[in-house]
1. If I go through the range 38-53 residue by residue, how many of them are outside any helix (DSSP H, G or I) and among the charged types (D, E, K, R)?
2. Looking at (1) touching a strand residue (DSSP E or B) at 6+ places or on another chain (Cβ under 9 Å); (2) of a type outside the set (Asp, Glu); (3) closer than 22 Å to residue 178 by Cβ, which one does residue 89 not meet, given that it meets all the others?
3. If you take the residues in the range 148-184 that are among the acidic types (Asp, Glu) and in a helix (DSSP H, G or I), which one is nearest to residue 65 (Cα to Cα)?
4. If you check 97, 147, which single one turns out to be assigned by TED's automatic domain parsing to the domain that holds residue 204 and among the hydroxyl-bearing types (Ser, Thr, Tyr)?
5. Can you give me the number of residues within the range 186-203 that are surrounded by fewer than 16 Cβ atoms within 10 Å (Cβ to Cβ) and either part of a loop (DSSP other than H, G, I, E, B) or not assigned by TED's automatic domain parsing to the domain that holds residue 175 (or both)?
6. When residues of the range 118-135 are filtered for being polar (S, T, N, Q) and over 15 Å from the mean Cα position of the chain (by Cα), how many remain?
Amino acid sequence: TVDSKSENTIVVSSGANMNCGQVELDFLQDRIVGANCLMLQNEIPLQINLEAAKIAQRHNVPVIWDPAPFVRDIDQLIRKVDFLTPNQKEAELLTNSELKDLESVHRALLKMKGLTRAICIITMGPEGLFFLSGDELIHVPSSSVLSVDSVAAGDAFTAGLAVGISEGLTLSVAAELGSAAGALATTKRGAQISMPSRIEVDSLMGKTN
């Protein structure tokens, strides 16, 4: 469902996703090895994510992990990823803290830095996204769009970030690419249908910049 502020509430019914296992991983191994980056999320078994991340790590393939839906037993996987992209609620659960201002966001990122070697990026919807450069807090503002539905905005952000990383862009520019993709996804209702094209993303970034 989507509320009056275009924010979504999602109930996950994993279905066949949770039957993803070693057979599927073996089938995809060559693609992981040859990939520019590997994107993971928690809609398949955590152990399969972990094994996929290990394959990627052995072959120097960067791993991006969107920890959604949030689960608790992540101690092994969080050490195997290169980029961690929680939203505000997931970051609060990861750090057992409330993100209510810049200072609390900064503290949460510093705390996550102690949990993982990954570059951590917290996405906060219309508030933009935040990450650290050293210990300095970096803010990438959200693009100004007319939002109607936030479903799949996080997926679009992660996809845009992955494209930027695959193209060798700097973290700031890759994050801006992801931010623009996420913003555009909120301008249409639905999930897959709301994914923007590269032309749309580049156009929005051109207008924003």
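The values are calculated or read from the model by the stated rules, or taken from the named source; none is laboratory data. Note that the structure is predicted; figures quoted are calculated from it, not measured. Glycine gets a Cβ as well: all are built from the backbone with ideal geometry, and neighbour counts include every protein chain shown.
1. Adding up the residues that qualify gives 1.
2. (1)
3. The qualifying residue nearest to residue 65 (Cα to Cα) is 155.
4. None of the other options fit; the residue is 147.
5. 3
6. Number satisfying all stated conditions: 1.
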